[in-house]
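Report on the following structure.
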Amino acid sequence: MNELIFHQLSKHYGKRCLFTELTLPLIAGQCLLLTGKNGAGKSTLMRILAGLDKPDQGEIQADGKRYSWRAYRPQLQRQILYLHQQPYLFEGSVWDNLAYALTRGLPRSEQHQQIEAIADWAGLTALLMNPAKRLSGGEAQRLAMARALLRKPRALLLDEPTANMDQAARLLTLEMLEDLKRQGLRLMVASHDPDWFQAVTNQHLAL
Ligand SMILES: Nc1ncnc2c1ncn2[C@@H]1O[C@H](COP(=O)(O)OP(=O)(O)OP(=O)(O)O)[C@@H](O)[C@H]1O
């Protein structure tokens, strides 16, 4: 059993309702596309799923049991990673940023192997010793994805992942998302440009 379903999710700010009693399954190997106009609540919803913001109410059905959002919050923060469209990168090199995501106490050889493998996957090998803060928008987004994957999440939530990218970088991102689906990861993509993500989308939620 490998289920991860959100039930009865609601969020208001004052009198304004962003969403109410939403049911939302995150399915292994599938991508859910999230659309809605500016201010519709896409980022808020993703931050709630990742345990970063509180809903008014909500429950999680995970692996055969049902939990309140509050009780399951620590697991959400570990299992579901939210990537902002302008990823926060630490001072230091690309390598340092990747190393930061690895479990403490990992043998040095294992650490090197994991960093080199993920850098290769994300097309960052030639940039490993470069300062992370000097990466282009597309490179920074790929580093953020690679760093998140080293934490072995159950789901990755990407907020406008291709904003400010050129055509080649967008295509590369799509290929990476396809590959993550093949590996069985749950994906959610918030975008104002749904046509771009049509090929990787399995479900569509419009807020
Ligand atoms: N802490 C807060 N207090 C009050 N209102 C908030 C708070 N955080 C967000 N909002 C409001 O909630 C609404 C939803 O914001 P959110 O960022 O989730 O929208 P979005 O769909 O991601 O928008 P965009 O497409 O512009 O990124 C907005 O009107 C925003 O101003």
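The values are calculated or read from the model by the stated rules, or taken from the named source; none is laboratory data. Given the structure is predicted, the values throughout are model-derived calculations rather than measurements. Ideal geometry is used to build each Cβ from the backbone, glycine not excepted, and the neighbour counts take in all protein chains shown. For accessibility, only protein heavy atoms count, side chains too; no ligands or nucleic acids. Shrake-Rupley method; radii C 1.70, N 1.55, O 1.52, S 1.80 Å.
Here are some notes:
- Condition check for G41 on (1) small (G, A, S); (2) more than 16 Å from the ligand (Cβ to nearest atom); (3) over 19 Å from R154 (Cα atoms): one failure, at (2).
- Filter result (without any contact (Cβ under 8 Å) to a residue 60 or more places away in the chain and either buried (at least 17 other Cβ atoms within 10 Å of the Cβ) or on the phi > 0 side of the Ramachandran plot (or both)) within segment 83-92: P87, L89, G92
- Residues that are in a loop (DSSP other than H, G, I, E, B) and open to solvent by less than 10 Å² (accessible area, probe 1.4 Å), drawn from segment 149-161: P161
- Top-ranked residue in segment 163-207 [being within 16 Å of the ligand (Cβ to nearest atom) and in a strand (DSSP E or B); ranked as farthest from the chain's Cα centre (by Cα)]: A206
- For segment 1-42, residues that are part of a strand (DSSP E or B) and open to solvent by less than 50 Å² (accessible area, probe 1.4 Å) total 17.
Listed here are the residues, each with its yes/no results for (1) in contact with a strand residue (DSSP E or B) (Cβ under 6 Å, 6 or more places away or on another chain); (2) hydrophobic (A, V, I, L, M, F, W, C); (3) modelled with pLDDT under 95; (4) more than 9 Å from the ligand (Cβ to nearest atom).
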{"site": "K11", "(1), (2), (3), (4)": "yes, no, no, no"}
{"site": "C31", "(1), (2), (3), (4)": "yes, yes, no, yes"}
{"site": "A50", "(1), (2), (3), (4)": "yes, yes, no, yes"}
{"site": "D56", "(1), (2), (3), (4)": "yes, no, no, yes"}
{"site": "D63", "(1), (2), (3), (4)": "no, no, yes, yes"}
{"site": "Y72", "(1), (2), (3), (4)": "yes, no, no, yes"}
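Condition check ((1) open to solvent by less than 20 Å² (accessible area, probe 1.4 Å); (2) modelled with pLDDT under 90) across all residues:
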| position | (1), (2) |
| --- | --- |
| N97 | yes, no |
| P107 | no, yes |
| M129 | no, no |
| A140 | yes, no |
| R147 | no, no |
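- So L26, is it under 16 Å from the mean Cα position of the chain (by Cα), of a type outside the set (D, E, K, R) and under 20 Å from A155 (Cα atoms): yes
- Residue that is least open to solvent (accessible area, probe 1.4 Å) [pool: residues in segment 43-68 that are in contact (Cβ under 8 Å) with a residue 60 or more places away in the chain and touching an Asp or Glu at 6+ places or on another chain (Cβ under 7 Å)]: M46
- A Cβ distance below 7 Å, combined with a sequence gap of six or more or placement on separate chains, defines the contacts here; from segment 1-29, residues that are closer than 18 Å to I80 by Cβ reach residues that are open to solvent by 30 Å² or more (accessible area, probe 1.4 Å) and within 11 Å of the ligand (Cβ to nearest atom) in the pairs F19/L207.
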